[in-house]
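Next up is a structure, given as structure tokens.
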């Protein structure tokens with residue numbers, strides 16, 4: 001007999017429909033799984049055998065062949081267990097399967113026949129909706145995650161026996177209640193803790209308002225990390241579409257352990273020993289890297305100069321395109337990487353160049369330190385900021401700003417950008433390409449002349465020219481103006497060119 005059961009493979013972060021076809025014929029007792037099955041899928045034979053027997057069913061002593069179609073798509077992970085077991089039961093006549101064609105099944109099996117949660121349930125639910133299936137059967141622990149997808153019926157089942165009863169015409173379990181949104185965990189960090197740093201605070205506000213990348217350079221203990229970790233407190237809340245995308249990525253990566261929708265923007269801070277594949281994604285079985293886990297959020301790289309050169313250079317394309325393409329076995333997988341990069345670095349190996357303490361670095365040490373950060377990478381950053389130690393008077397003074405007040409200005413600027421960019425693929429000024437800059441940014445003639453002078457003087461590349469214009473547009477948005485003026489461009493140049501080039505242009 002032959003049976004077919006629908007399930008899904010997770011290809012990168014996208015669901016791909018898979019049909020589990022099980023054929024049982026007379027012959028020597030064997031159980032083969034074909035169709036580019038990975039190691040975890042091939043091991044499912046033993047899990048399925050034990051689960052079937054321990055659930056009170058008979059395991060056929062015949063020639064069993066299970067095909068995972070399409071055969072050209074690699075299948076990895078334990079999410080095929082339940083579909084393989086149900087296909088075997090249906091082919092052997094132990095499960096009537098009246099509704100087998102209307103349901104997809106996704107879940108891991110224990111040896112005792114219980115359904116266990118696995119990665120990518122939210123992606124599988126989205127795949128079931130796109131495929132027009134009537135519903136999705138998942139382990140009870142992940143049912144609320146699957147229920148985040150509208151337009152699909154979710155059945156929460158505890159065991160293989162429960163799946164067989166449901167498919168045989170049994171009463172389906174009540175749908176899971178809508179899950180509560182995931183609450184922010186940990187203590188909320190506020191800019192009210194910051195003392196001094198007037199110009200870095202302005203740069204942080206611009207970065208939050210326009211989604212611009214920011215590099216802070218300064219001696220140890222000057223407050224670079226403190227400022228970076230407070231950037232999420234300024235960002236607007238995730239929209240439902242963004243929250244679903246973030247939740248799906250974290251579910252595929254195995255990081256989403258709550259039941260609700262992620263409603264806080266990700267903040268990822270990987271250690272400087274991370275590899276290139278860990279940063280942008282990859283591996284033998286490609287999974288999202290830190291750049292994708294920070295999608296719609298913040299990627300913070302502390303001690304930027306300590307990261308390996310290949311890891312940093314791997315960020316160049318994701319920063320420009322908003323996605324990274326990982327090629328494995330003649331297959332290209334796309335992972336989204338629309339994040340705000342915030343980086344911090346010391347001015348020299350010892351860290352005390354330009355501070356009150358004596359610097360022990362030689363010219364060779366300086367040159368080696370500077371070479372760790374390539375020109376093409378720095379060219380993709382919008383704001384380059386020097387962070388000096390606050391004075392003792394500033395440490396004793398009241399806070400200059402709170403996150404709540406600054407966030408109000410950031411949200412107002414983001415609303416202006418959304419109205420201006422309505423109908424485009426960009427959601428903020430930091431996502432504008434050259435074409436959108438020319439068509440959606442209004443610039444005064446004097447501002448264009450100043451920007452052209454900086455470009456003609458060799459201070460800016462063509463890419464940096466457009467990035468300065470984007471930052472200037474964000475400054476105008478914060479000041480509630482529709483036209484970029486000369487002062488906006490000069491401030492954007494000052495925040496990018498820390499060697500005084502901006503002042504020279506003004507002169």
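No lab work stands behind these numbers, since they all come straight from the coordinates. Note that the structure is predicted; figures quoted are calculated from it, not measured. Neighbour counts run over all protein chains shown; Cβ positions are idealised from the backbone, glycine included.
In terms of the ratio Rg/(2.2 N^0.38 Å) built on C-alpha atoms, what value belongs to segment 2-167?
Against the compact-globule rule of thumb, the ratio is 0.93.
Can you give the helix-only mean residue ellipticity at 222 nm for the chain, where every DSSP H stretch with n ≥ 4 adds -39500 (n - 2.57) and the sum goes over all residues, rounded to the nearest 500 deg cm²/dmol?
Helix contribution divided over all residues of the chain: -10500 deg cm²/dmol.
If R₀ is 35 angstrom, what is the calculated FRET efficiency for the pair residue 46 and residue 273, using the beta carbon separation as r and rounding to 0.05?
That gives a FRET efficiency of 0.40.
Considering only DSSP beta bridges whose two residues both sit in the chain, what percent are antiparallel, to the nearest 5?
Just about 45 percent of them are antiparallel.
Next question, about the same structure. Would you mind checking the tilt of helix 81-91 against the longest principal axis of the Cα atoms of the chain, expressed as 0 to 90 degrees and rounded to 10?
That helix lies at roughly 30 degrees to the long axis.
Hey, what angle do you get for helix 445-456 against the long axis of the chain, alpha-carbon based, 0 to 90 degrees rounded to 10?
Value to nearest ten degrees: 80.
Next question, about the same structure. To the nearest Å, what is the center-to-center distance of segment 68-122 and segment 18-36, using C-alpha atoms only?
13 Å
Taking the Cα centre of each part, how many Å lie between segment 327-378 and segment 195-254?
What the calculation gives is 18 Å, centre to centre.
Still on this model: Computed FRET efficiency, Cβ-Cβ of residue 150 and residue 285, R0 30 Å: what is it to the nearest 0.05?
Calculated value: 0.50.
Using only the alpha carbons of segment 183-400, determine the length spanned along each of the three principal axes and report them from longest to shortest in whole angstroms.
So the extents along the principal axes, rounded to whole Å, are 53, 42, 26.
Between the helical axis of 403-420 and the dominant principal axis of the chain, each derived from Cα atoms, what acute angle in degrees is found, rounded to the nearest 10?
Result, in degrees: 80.
Pull out the extension gain between residue 62 and residue 190, defined as 0.36 nm times the separation in residues minus the alpha carbon to alpha carbon distance; nm, one decimal.
39.5 nm
Could you give the nm distance between label points at residue 391 and residue 419, where each point is 7 Å from its Cα heading toward the beta carbon?
With each label point 7 Å from Cα toward Cβ, the separation is 4.1 nm.
First obtain the Kirkwood hydrodynamic radius of segment 411-507 from its Cα pairs, then insert it into the Stokes-Einstein equation at 4 °C and 1.567 mPa s, and state the resulting D in µm² per second as a whole number.
97 µm²/s
Over 20 Å intervals from 0, what percent of Cα-Cα pairs in the chain sits in each interval?
Over the chain, the share of Cα pairs per 20 Å bin runs 21, 44, 25, 10, 0 percent.
In nm, to one decimal, how far is the modelled label at residue 482 from the one at residue 399, with both set 7 Å along Cα→Cβ?
3.6 nm
Continuing with the same structure: Contact order normalised by length for the chain, with contacts defined as Cα pairs under 8 Å and 6 or more residues apart; what percent is it?
RCO, the chain: 13 percent.
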